[in-house]
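Chemist: One structure is given below, represented as structure tokens, and several questions about it will come after.
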């Protein structure tokens, strides 16, 4: 069969399976040979990773979308922790990153919004980590362009920013952990010699969480800083934020960790439970917009953790320190 037809068949078969296949109990830790399987269908704007036959992640980057995003992210027990385009906020897409640049809105999707234009996949593969854990990753090239230029065949002259985005998924069955690392490298594009990053207090990397968590989920952060009372939205400085509640009778925890390099702003965490549950990490662009000029580069690093059991603040803090050391090691290796 022709490769394109194989991709199409695989893509169509996705519709035969539920978003995430839940199991009553998590599988026993697998053998070293267990690996993630990958379905990549660029012509349909889709990457999907499965483990032991169950979907763990789906990422969508179709050219008619305003932005690429993680549509589904599941625990090892099978619960999908993301909502895509809920009725109250159609522009909330699972796990997504968006801000404003020079007045162009790359977050909301009304009034001539900007496009994070997917250009191509630079790399994708499945493997095992250095410690033998199942792992998969991809890197894509994006141009951040205004609305009027998103259909251009060559968006290079129109790009505010050029982004190389790498997502890496690592599974640790012994710890019941799904870990998604989001690494983004930016440089100023050819459209202008100066860009200003700005936006609301919730603009950044955000997760729209399951509907049963609305009104009732519990938020916490690394600094134990209080969020506004009554579940109202607010942002506080921290290294990580987490949210927990039950889902299908099981206590779940989702944690979001953040670290920035260069003049990339301040780590803030935005949390709310009313009228729905949301968690985001931001750069404080509502209070202190950031300017970059031609030749400037900056990077953002995030880690999303999903557990089918509750996690304490001390456990998440320990995980943050491990991740932060790993980032430092990568920087040291790169400089060599």
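Computed from the coordinates by the stated procedures, all read-outs in this text should not be read as laboratory data. Treat the numbers as computed from the prediction; the structure is a model and nothing was measured. Glycine gets a Cβ as well: all are built from the backbone with ideal geometry, and neighbour counts include every protein chain shown.
Chemist: For 131, 324, 137, what ranking results if the residue with the fewest other Cβ atoms within 10 Å of its Cβ goes first? Each step should come with its number before you reach the end.
Modeler: Numbers: 131 8, 324 15, 137 19.
By the 10 Å Cβ count, ascending, the order reads 131, 324, 137.
Chemist: Also, quick follow-up: Taking Cα centroids, how far is the range 136-206 from the range 218-291 in Å?
Modeler: Centre-to-centre distance over Cα atoms comes out at 20 Å.
Chemist: If you build a Gaussian network model of the chain, linking Cα atoms that sit under 10 Å apart, which residue out of 318, 277, 246 swings the most?
Modeler: Evaluated over the chain, the most mobile residue of the options is 318.
Chemist: For the chain, what is the calculated [θ] at 222 nm in deg cm²/dmol (nearest 500), taking -39500 (n - 2.57) for each run of four or more DSSP H residues and dividing by its residue count? Numbers along the way, then the final one.
Modeler: Working: 2 runs with 34 residues, N = 336.
After summing the helix terms and dividing by the residues of the chain, the value is -3500 deg cm²/dmol.
Chemist: Highest GNM mean-square fluctuation, the chain, Cα pairs closer than 10 Å: which of 78, 249, 98?
Modeler: 249
Chemist: Arranged by the count of other C-beta atoms within 10 angstrom, fewest first, what order do 119, 153, 256 take?
Modeler: Details: 119 17, 153 4, 256 26.
Starting with the residue having the fewest Cβ neighbours, the order is 153, 119, 256.
Chemist: With 10 angstrom as the radius, rank 74, 20 by how many other C-beta atoms surround their C-beta, starting from the fewest.
Modeler: Least crowded to most crowded, the residues run 20, 74.
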